[in-house]
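Asker: Quick one: the structure is below, questions incoming.
The values are calculated or read from the model by the stated rules, or taken from the named source; none is laboratory data. This is a predicted model, so every value here is computed, not measured. With ideal geometry, Cβ positions are generated from the backbone for all residues, glycine too; neighbour counts draw on all protein chains shown. All accessible areas refer to the heavy atoms of the entire protein, side chains included, with ligands and DNA or RNA removed. Shrake-Rupley method; radii C 1.70, N 1.55, O 1.52, S 1.80 Å.
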Amino acid sequence: MMSKRTALAIPFKELSLKDVPLVGGKNAALGEMLGALVKRGVNVPDGFATTAHAYRIFLKRAKLDREIPHILEGLDTKNLADLARRGRAVREAILAAELPVELVRAIRDGYRKLERKYGGETDVAVRSSATAEDLPGASFAGQQETYLNIRGAERIAEATKKCIASLFTDRAISYRVDKKFSHFDAALSVGIQKMVRSDLASSGVIFTIDTETGFEDAVIVTGSWGLGEMVVQGKVVPDEFTVWKPGLARNLRAVIGRNLGGKNVKLVYASSKSRGMGGTRTVPVSSRDRERFCLTETETLTLARWAVTIEEHFSKLHKRKQPMDIEWAKDGKTKELFIVQARPETVRSLEGKRVYREYRMEGKGKLLTKGIAVGTKIGAGKARVLASAKKITAFKPGEVLVTSITDPDWEPIMKIASAIVTDKGGRTSHAAIVSRELGIPCVVGTENATSTLKTGQMVTVDCSSGDEGRVYAGKIPFAVKEHHLARIRKPKVNVAVNIGTPDEAFKYHYLPVHGVGLGRLEFIIASHIGIHPLALLEYPKLAREAKRDPVVRKLVAKIAAATPGYRNKSEFYVDELAEGVAKIAAAFWPHEVIIRFSDFKTNEYRALTGGDRYEPAEENPMLGWRGASRYYHPAFERAFGLEVKALRRVREKFGLTNVVPMVPFCRTPEEGRRVLAAMAKYGLKRGKTTPRLGKSRDDINPLKIYVMCEIPSNVLRAGEFLDIFDGMSIGSNDLTQLILGLDRDAGALAHIGNEKDGAVKKMIAEIIAECRKRKKYIGICGQAPSDYPDFAIFLAKQKIGSISLNPDAVMPFLMRK
């Protein structure tokens, strides 16, 4: 019996991760999963792999082992024209050579076994697997070619030779030189794998780590309709799902984030009767499919569980935590899900975690375009708009690459770009993957960058502000701060962080804080929803009115455009709030995350779409219908109910019981009781426990409800407030202005006083003492402790329970001596 070392082709089921030198990382991983994980419920299509030994025999028989070194001798990869000429010469030499007869026979035998298992002329994918690819420390997976919907042994042999030739594409040659890999130490294996009919369903990519922030407790699932190459190559903006790992481990339905992608085109089989090579074509996606997710919640959870199983298995093999980059596909005929590839994630998993660099804009500019942010950095340079990779010789170091979409042919100039901006693509596109490895900012999926930006125009590319990446005109100054976690002292008081938008949460997960002292719902409402809740609740009524009123017709059209796929428009509001809050809570689990109910004033609610229909025009909104007074009012209670439903979902469905709701601007204890009654009506009752839905059925984390301390009455009647609430958070801005009678926005009055005024400090000292006496939570969520070091010392002396700061103030505060 032939040994593995001398075999020309080996079935996947006989391979393991130890066989990387024989069949490359990609094929070895497939064999590992078939052998170890299929029995644990992970579906993997079968196949076989040609070996590195077969590759070397081919080169030797065809005398390519001597011809290729001769062609590449003295190559300078920075000379792009010479690189292109030599690369083409190598590929032509390979394609002109004949495969060894015994290799063709081995391919035929392997294919016959697949036919016996799956049926005659079964369709396969032919993929390369280089022995130096997909290993920790190396990346640029996908440099070599993939051929889909191939049928027949002769066609597979032909595709195999094309895969071998693709080991010497210009970008692959350049990459090996840059990584100091020998062209001849690496060999090429070719994987022949049964196709999954995802052309009739969907497919995509999974990361077991948030690749933009390094947050390890999330599984990121992306997907689109059709074959997976559209997602891998970044030709569509896919749907994106975020699954919280600790909730998943407790068997909770913890899909805490969903973003609907554009998904405007898909790759499908050219014909159900197609034979041979080139059996795919690109077609438009129907409007119905564009407006719905390509996976159900149950399917998303299944894929996430498999991804965690794969991560745990490969981490055990590597003897360290090993995040994974995984490709999945759904069969449209059988409705089954499959894992078709798995490789180590090679960027975030190799980064050090004791020093963090934070990028922050220090100026403003005209917004030119925006898209999906990749990474968290900022870069600037002159734009270079290129229509195709054939024009890359015009690119100069330090420029910003602007193009429709990238593929590996662009790699020689991507590594010298200051930033990358593309019209198309998502977080798993080629541009995104490469820019992460290179450590440069990238904005993908802008849709209009190539038509908006001009060559020679100075631009700044900002990925520092969350999920949305922005491109501004001009060179805008920015700062880079290094945070050395090893130097941090242990503070005398617990430090928490204030989080505005959910997009910031994963970005700041590394901060050494005890949870979130203030999370604001109004940020989510303004940036992710933008529609007045009552307009969503009354959408059916508005739709009827629209038939006779052109003004209402415009409003209805605007709401419909913002809520695709939602028949019940108010559910959109609940979903967005729940998912936003869940991301914040997940980032800082298990620490307490205090979420303040919406505290928009009437003028701010009026600014939302449809808001002018429901909000009065007040002379002094600061002291008007805001905070608690809205929640039980007949005109707004239903809208408040949506906020309550969202927080209930976060706690009870997702299992994020670290979320503590907080009531703002509550003028009297009597008002507080009415708010608590309204909360109970919609499912959140103080003291209510949430049953653990995992292995244990024990009740956990009784619901606590806090109230803001920002009105003098909150201090003067503190005992009565603490009878009905579980703690207080001092809002020093409002409290200061109401004690001193100041308008905080009036610059002419700024000199009169601030939080350090004796009257303010006296009231703060009183409320801290009262809360401590009652053994209730007491914290502060204003900016004063970071602005005034002596005020922070005062709070510590009063033994306040927690100081919550804005993210940029946390590290400087902790570094104080």
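Asker: Can you tell me which of (1) touching a residue at least 24 places away in the same chain (Cβ under 8 Å); (2) closer than 23 Å to D178 by Cα; (3) open to solvent by 20 Å² or more (accessible area, probe 1.4 Å) is the one G24 doesn't meet?
Answerer: In the conditions (1) touching a residue at least 24 places away in the same chain (Cβ under 8 Å); (2) closer than 23 Å to D178 by Cα; (3) open to solvent by 20 Å² or more (accessible area, probe 1.4 Å), G24 misses (3) alone.
Asker: Regarding segment 451-474, can at least one residue be identified that is part of a helix (DSSP H, G or I) and either in contact with a helix residue (DSSP H, G or I) (Cβ under 6 Å, 6 or more places away or on another chain) or surrounded by fewer than 24 Cβ atoms within 10 Å (Cβ to Cβ) (or both)?
Answerer: There is at least one residue in segment 451-474 that is part of a helix (DSSP H, G or I) and either in contact with a helix residue (DSSP H, G or I) (Cβ under 6 Å, 6 or more places away or on another chain) or surrounded by fewer than 24 Cβ atoms within 10 Å (Cβ to Cβ) (or both).
Asker: So, in segment 518-565, exactly how many residues are in contact (Cβ under 8 Å) with a residue 40 or more places away in the chain, open to solvent by less than 10 Å² (accessible area, probe 1.4 Å), touching a helix residue (DSSP H, G or I) at 6+ places or on another chain (Cβ under 9 Å) and not in a helix (DSSP H, G or I)?
Answerer: Matching residues across segment 518-565 total 3.
Asker: In addition: Could you give every pair whose Cβ atoms fall below 9 Å, whose first residue belongs to segment 175-189 and is free of Cβ contacts under 8 Å to residues at least 40 places away in the same chain and surrounded by fewer than 17 Cβ atoms within 10 Å (Cβ to Cβ), and whose second residue is assigned to a helix (DSSP H, G or I) and among the charged types (D, E, K, R), counting only separations of at least 6 or pairs across chains?
Answerer: The qualifying pairs are S182/R176.
Asker: Okay, moving on. Tell me which residues, restricted to segment 56-90, are open to solvent by less than 10 Å² (accessible area, probe 1.4 Å) and either touching a Phe, Trp or Tyr at 6+ places or on another chain (Cβ under 8 Å) or under 30 Å from Q341 (Cα atoms) (or both).
Answerer: F58, L64, I68, G87, V90
Asker: Here are T428, T406: which of them is within 26 Å of G87 (Cβ to Cβ), of a type in the set (S, T, Y) and assigned to a loop (DSSP other than H, G, I, E, B)?
Answerer: T406
Asker: Further, regarding this structure: Scan segment 217-230 for residues that are out of contact with any helix residue (DSSP H, G or I) (no Cβ under 8 Å at 6 or more places or on another chain) and either at pLDDT below 90 or open to solvent by 20 Å² or more (accessible area, probe 1.4 Å) (or both) and jot them down.
Answerer: Answer for segment 217-230, where residues must be out of contact with any helix residue (DSSP H, G or I) (no Cβ under 8 Å at 6 or more places or on another chain) and either at pLDDT below 90 or open to solvent by 20 Å² or more (accessible area, probe 1.4 Å) (or both): E229, M230.
Asker: Please enumerate the residues belonging to segment 91-106 that are over 12 Å from I156 (Cβ atoms) and crowded, with 17+ Cβ neighbours inside 10 Å.
Answerer: Of everything in segment 91-106, those that are over 12 Å from I156 (Cβ atoms) and crowded, with 17+ Cβ neighbours inside 10 Å turn out to be R91, A93, I94, A97.
Asker: Restrict the check to segment 593-605 and report whether at least one residue is part of a loop (DSSP other than H, G, I, E, B), among the small types (G, A, S) and open to solvent by 50 Å² or more (accessible area, probe 1.4 Å).
Answerer: no
Asker: How many of the residues making up segment 617-640 are part of a helix (DSSP H, G or I) and over 30 Å from A587 (Cβ atoms)?
Answerer: 6
Asker: Given the conditions (1) modelled with pLDDT under 80; (2) on the phi > 0 side of the Ramachandran plot, and given that Y175 satisfies all but one, which numbered condition is not satisfied?
Answerer: (2)
Asker: Working only within segment 107-122, note down all residues that are assigned to a helix (DSSP H, G or I), closer than 16 Å to A157 by Cβ and open to solvent by 30 Å² or more (accessible area, probe 1.4 Å).
Answerer: Within segment 107-122, R108, D109, R112, K113, E115 meet the criteria.
Asker: Can you find, within segment 503-517, the residue that is farthest from the chain's Cα centre (by Cα) among those that are part of a helix (DSSP H, G or I) and modelled with pLDDT under 90?
Answerer: This residue is Y508.
Asker: Now a separate question. Please verify whether segment 568-591 includes one or more residues that are part of a loop (DSSP other than H, G, I, E, B) and of a type in the set (D, E, K, R).
Answerer: no
Asker: Pick from segment 165-215 the residues that are among the polar types (S, T, N, Q) and within 29 Å of the chain's Cα centre (by Cα): which of them is nearest to E437 (Cα to Cα)?
Answerer: T211
Asker: A165: out of contact with any strand residue (DSSP E or B) (no Cβ under 8 Å at 6 or more places or on another chain) and of a type in the set (A, V, I, L, M, F, W, C), yes or no?
Answerer: yes
Asker: Further question: Can you tell me which of (1) in contact with a Lys or Arg (Cβ under 7 Å, 6 or more places away or on another chain); (2) modelled with pLDDT of 90 or more is the one G466 doesn't meet?
Answerer: Status for G466: all satisfied but (2).
Asker: Any chance segment 555-568 includes a residue that's charged (D, E, K, R) and at pLDDT 95 or above?
Answerer: Yes.
Asker: Quick one: in segment 133-143, of everything that is crowded, with 22+ Cβ neighbours inside 10 Å and under 20 Å from R56 (Cβ atoms), which residue is modelled with the highest pLDDT?
Answerer: Only one residue fits best here, namely Q143.
Asker: Sticking with this one: Restricting to segment 403-417, what's the tally of residues that are over 22 Å from the mean Cα position of the chain (by Cα), farther than 11 Å from C442 by Cβ and either surrounded by fewer than 19 Cβ atoms within 10 Å (Cβ to Cβ) or not charged (D, E, K, R) (or both)?
Answerer: Counting residues in segment 403-417 that are over 22 Å from the mean Cα position of the chain (by Cα), farther than 11 Å from C442 by Cβ and either surrounded by fewer than 19 Cβ atoms within 10 Å (Cβ to Cβ) or not charged (D, E, K, R) (or both) gives 8.
Asker: Which one of the conditions (1) in contact with a helix residue (DSSP H, G or I) (Cβ under 6 Å, 6 or more places away or on another chain); (2) of a type outside the set (D, E, K, R); (3) in a loop (DSSP other than H, G, I, E, B) does I392 fail to meet, given that it meets all the rest?
Answerer: Of (1) in contact with a helix residue (DSSP H, G or I) (Cβ under 6 Å, 6 or more places away or on another chain); (2) of a type outside the set (D, E, K, R); (3) in a loop (DSSP other than H, G, I, E, B), only one is false for I392: (3).
Asker: Let me ask something additional. Taking the condition of being surrounded by fewer than 21 Cβ atoms within 10 Å (Cβ to Cβ) and modelled with pLDDT under 85, how many residues in segment 759-805 meet it?
Answerer: 5
Asker: From the list N603, N658, exactly one residue is in contact with a Pro (Cβ under 9 Å, 6 or more places away or on another chain), touching a residue at least 40 places away in the same chain (Cβ under 8 Å) and polar (S, T, N, Q). Which is it?
Answerer: Checking each option against the conditions leaves just N658.
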